[in-house]
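The values are calculated or read from the model by the stated rules, or taken from the named source; none is laboratory data. Everything numeric here is computed off the predicted structure, so don't read it as measured data. A quick note on method: Cβ atoms are made from the backbone with ideal geometry, for glycine too, and the neighbour counts reach across all protein chains shown.
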Amino acid sequence: MQPRSVTRLSPEAGAPDSRSAWFVVAAAFIAGFVVFGVMYSFGAFFEPMAAEFHANRTATSAFFSITGLVFYMSGSFTGHLSDRFGPRIVVGTGAVVMGASLMLTASIGQIWVGYLSYGVGGGIGAACVYIPTLSMVGGWFDKHRNTALGIAAAGTGCGTLIVPPLAATLIQGYGWRVAYLAFGLGCFVLLAFCTLIASPPPIARARAARSVRRIVLSFEFMVLYASWLCATTALLVPLVFLPAFARGQGVGPVAASALLSVLGGMGVLGRVGIGSLTKRIGTLRLFKLSVLMMGASYVLWLLFTDYGLLLAFAALLGLGYGLRISLMPVVLIEFFGLGNLGAILGIFFTASGMSALCGPLLAGLIIDYTGSYQWAIVFALAMGCLGFAVIAPLRSRGLLQGDTKCAEASLCRPALRG
């Protein structure tokens, strides 16, 4: 049996599950709200930007694909920096870079410049903000870790709920350039606040019994990674194209963007009460159920007859998405512990980076080639179902069992048996 990893509390930083810990949750919530609210509101910008630059769907969707690719591929680097030097300097850098990238995008004159400002700049800024704030939550909690991670992850759903209709309203009234300028200023202010709160967790995240390399090469990690890759590829198709699809069916611009708000709102509901749900159903079983819900939801989009069916699709997809993203760090912590969590989260999120590259671009190519959304929806349905099929055989025998009282006994949970 591997020896237990000793945890040391840092009194000056506050105790686990304390008031300071909940402020850290607030910082992670705000970071998720900003990052995913801005990224997932791109569907509202899609048509006006395509019209101004005379670009087809493939070229326009590249804005989102580049941002997502850079964001998720940079996560392993920013997570490692946060583990080593603390989250504050990394989050502060992200606040400046992300705010500046959006304000620069508001003034671009050529589409390729936007690929650099919005795509590369926004992706790096988002990676500096999101991974460090999310990873530090786990080390600030012992008794209420699942609940805290669920609340922190709810920021992504709230951002998706609020920001897309706000973007559509600003675009309709002032144009997409003014909207991005306002977003840039708002991002900087909110993320600067997160920087002030960010601090290393009091539960020292000692190095895991297995190295990061061994974890990444383990069967459990590879199965979780493959499932995340497939399901996220499917998810990004409606996040980019659903508003444009609805507009093509005669739906107004605000109502079309509201579909993303429904998706985000149901995602928030998926995060509420996650602590009690995991106790009743089990973490891994609930995670599998969330992936299944996401995959099944695309049938409703494929069978489109009216706006009500689109609302039902967005609601079911959002509920599954909310559960899945809340449970992901919990599952990773229970399988692999708290050691090097920032680096592990960053590496895991590279799956989303590949999804961001493949999903919107492939769907855009399919739509441009066929002149219809139908086969793009079939593509999303197939990837969503594959995401569940990959994870279905995974069993919970590899999970670390139960929480240890780190704060009271100064001991972390037992290391994973090799």
Specify which of the listed residues (95, 106) is under 18 Å from residue 181 (Cβ atoms) and in contact with a Lys or Arg (Cβ under 9 Å, 6 or more places away or on another chain).
106
Scan region 121-168 for residues that are farther than 25 Å from residue 269 by Cβ and out of contact with any helix residue (DSSP H, G or I) (no Cβ under 8 Å at 6 or more places or on another chain) and report the count.
0
Scan 61, 76 and give me the residue that is at pLDDT below 80, closer than 16 Å to residue 359 by Cβ, in contact with a Gly (Cβ under 9 Å, 6 or more places away or on another chain) and of a type in the set (Gly, Ala, Ser).
61
Show the residue pairs meeting these rules: Cβ distance below 7 Å; 6+ apart or different chains; first residue within region 353-372 and farther than 24 Å from residue 131 by Cβ; second residue among the polar types (S, T, N, Q) and outside any helix (DSSP H, G or I).
368/56
If you go through region 283-332, how many residues are part of a helix (DSSP H, G or I) and under 24 Å from residue 256 (Cβ atoms)?
27
Consider region 96-153. How many of its residues are of a type in the set (D, E, K, R), more than 19 Å from the chain's Cα centre (by Cα) and under 21 Å from residue 343 (Cα atoms)?
1
Could you tell me which residue of region 79-91 is surrounded by the most Cβ atoms within 10 Å (Cβ to Cβ), considering only residues that are among the charged types (D, E, K, R) and modelled with pLDDT under 85?
83
The lone condition residue 376 fails out of (1) surrounded by 24 or more Cβ atoms within 10 Å (Cβ to Cβ); (2) under 14 Å from the mean Cα position of the chain (by Cα) is (2)
What are the residues in region 26-78 that are in contact (Cβ under 8 Å) with a residue 40 or more places away in the chain, assigned to a helix (DSSP H, G or I) and more than 19 Å from the chain's Cα centre (by Cα), if any?
45, 46, 47, 48, 49, 52, 53, 57, 58, 59, 60
Tally of residues being modelled with pLDDT under 85 and assigned to a loop (DSSP other than H, G, I, E, B) across region 105-159
6
Go through region 301-314 and give me each residue that's surrounded by fewer than 19 Cβ atoms within 10 Å (Cβ to Cβ) and of a type in the set (A, V, I, L, M, F, W, C).
302, 303, 304, 309, 311, 312
Select, from 384, 364, 342, the only residue that is among the small types (Gly, Ala, Ser), under 23 Å from residue 149 (Cβ atoms) and crowded, with 21+ Cβ neighbours inside 10 Å.
342
Where residues in region 36-58 are among the charged types (D, E, K, R) and modelled with pLDDT under 85, which of them is surrounded by the most Cβ atoms within 10 Å (Cβ to Cβ)?
57
Look through 264, 295, 282 and report the one residue that is under 20 Å from residue 228 (Cα atoms), modelled with pLDDT under 90, surrounded by 18 or more Cβ atoms within 10 Å (Cβ to Cβ) and of a type outside the set (A, V, I, L, M).
264
Between residues in region 197-224 that are assigned to a helix (DSSP H, G or I) and residues that are modelled with pLDDT under 80 and surrounded by fewer than 18 Cβ atoms within 10 Å (Cβ to Cβ), which pairs lie under 6 Å by C-beta distance while being six or more apart or on different chains?
220/398
